[in-house]
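Engineer: Mind having a look at this structure? Questions to follow.
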Amino acid sequence: MTLSKRSYALVNGLNMYYEIHGEGQPLVLLHGVLSAIGTSFSKVLPQLSSTRQVIAVEQQAHGHTADIDRPLTYEQMADDTAALLQQLGIEKANLFGWSMGAGIALQIAIRHPKMVRKLVLASVTYNRNGFYPELLAGLETSKPEDLAGSPFQEEYERSAPKPQEWPRLFAKVNQLDREVQDWPPEVIQSIKAPTLLIIGDSDVVRPEHTVELFRLLGGGVAGDLVGLPRSQLAVLPGTTHVALVNRADWLVSMITQFLLRTF
């Protein structure tokens, strides 16, 4: 993997960290909550960047990007990412988001549709009912020390400008989780970008919910009769939420074929 650039860009008052790898049509990687580039994409980034340009970003208060005095919201993170792409002179890109990053990608598709070529959304929901109830209950009582010694906390310690602010990030994430996005079906149906939905069969997202989302995005048809839809659905067997982004053997092949397909 060739690292072309590692830098910061001032967007909307935020000094946002990003990396650029490889050359070709741009693919933007959007990491998960409490995660960063390494813990989200270290297994897939080298292969993905071997055939295209990959732009990996770190959102407010995550990884190398310092926190500022504002809450974490999906809308703001989407606008920050769009502003970064504009600064880099990228008019249109493919987006690959996992977990929180997939929610950000959806927001970009809704708020900045002309910037999106295709979407790859791993473990995404479009309303609160997409999660298992026990997960939502657990989020209400989660604490920073619950992740002490985890890869997420260790990466934060290594990369954050102020590692002591882990509890502050956790508090902001808890508030973000309480305000899970809830989009009306017609908003989802307005998304025109071809979309690949991916979940694990043991994910935190209910498979029924992902099928509902797939249908809203034009899927769920008899392709032999009417042709393949602009959206695709993949369920990875024996795969949990956290393990999903480590399944490079499946992900890279699926994503590569999807991005190459003409719709």
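Engineer: Roughly how far apart, in whole Å, are the Cα centres of region 204-227 and region 152-185?
Structural biologist: That distance is 31 Å.
Engineer: Report the antiparallel proportion of the DSSP beta bridges in the chain as a percent, rounded to a multiple of 5.
Structural biologist: 35 percent
Engineer: Taking the Cα centre of region 173-263 as origin and charging only Cβ (+1 Lys, Arg; -1 Asp, Glu), how large is the dipole, in debye to the nearest 20?
Structural biologist: Here the size comes out at about 300 debye.
Engineer: Tell me whether region 1-88 comes out rounded, prolate or oblate; compute the Cα gyration tensor, take square roots of the eigenvalues as a ≥ b ≥ c, and use a/c under 1.5 as the rounded threshold.
Structural biologist: prolate
Engineer: Follow-up question, since we're still on this one. Please give the length that would be gained between SER42 and LYS92 if that part of the chain were fully extended, namely 0.36 nm times their separation in residues minus their C-alpha to C-alpha distance (nm, one decimal).
Structural biologist: Result: 15.6 nm gained on full extension.
Engineer: Let me ask you something else. Which of PHE131, PHE41 has the fewest other C-beta atoms within 10 Å, and how do the rest follow up to the most?
Structural biologist: The fewest-first ordering by Cβ neighbours comes to PHE131, PHE41.
Engineer: Suppose every K and R has +1 on its Cβ and every D and E has -1 on its Cβ; what is the size of the dipole of region 3-260 about the Cα centre, in Debye to the nearest 20?
Structural biologist: I would put it at about 740 debye.
Engineer: Right, here's the next one. At 37 °C and 0.692 mPa s, grab the translational diffusion coefficient of region 3-260 from Stokes-Einstein with a Kirkwood Rh over Cα pairs, rounded to a whole number in µm² per second.
Structural biologist: Translational D for this selection: 178 µm²/s.
Engineer: With springs connecting C-alpha atoms under 10 Å apart, model the chain as a Gaussian network and identify which of ALA109, ALA243, ALA82 has the largest mean-square fluctuation.
Structural biologist: ALA243
Engineer: What order do you get for ASP182, ASP224 when you list them from fewest to most C-beta neighbours inside 10 Å?
Structural biologist: Least to most surrounded, the residues fall as ASP224, ASP182.
Engineer: So, one more: Sort ILE108, ILE90 by Cβ crowding within 10 Å, fewest neighbours at the top.
Structural biologist: Sorted ascending by nearby Cβ count, the order is ILE90, ILE108.
Engineer: Ordered by packing density, taken as the mean number of other Cβ atoms within 10 Å over each peptide's residues, highest first, how do 63-72, 50-59 rank?
Structural biologist: Order by mean packing, descending: 50-59, 63-72.
Engineer: Checking the table LYS43/LYS143; LYS43/LYS92; LYS114/LYS192; LYS143/LYS172; LYS5/LYS118 against a 20 Å threshold on Cα-Cα, which pairs fail?
Structural biologist: LYS43/LYS143; LYS43/LYS92; LYS5/LYS118
Engineer: Would you mind calculating the relative contact order of region 157-263 from Cα pairs under 8 angstrom and at least 6 residues apart, reporting the percent as a whole number?
Structural biologist: So the answer I get is 27 percent.
Engineer: Below 8 Å, C-alpha to C-alpha, sequence gap of six or more: please give me the relative contact order for region 3-260 in percent.
Structural biologist: 19 percent.
No lab work stands behind these numbers, since they all come straight from the coordinates. It should be emphasised that the depicted structure is a prediction, and the values quoted were computed from it without experimental measurement. Reconstructed Cβ throughout: ideal geometry from the backbone, glycine too, with neighbour counts over all protein chains shown.
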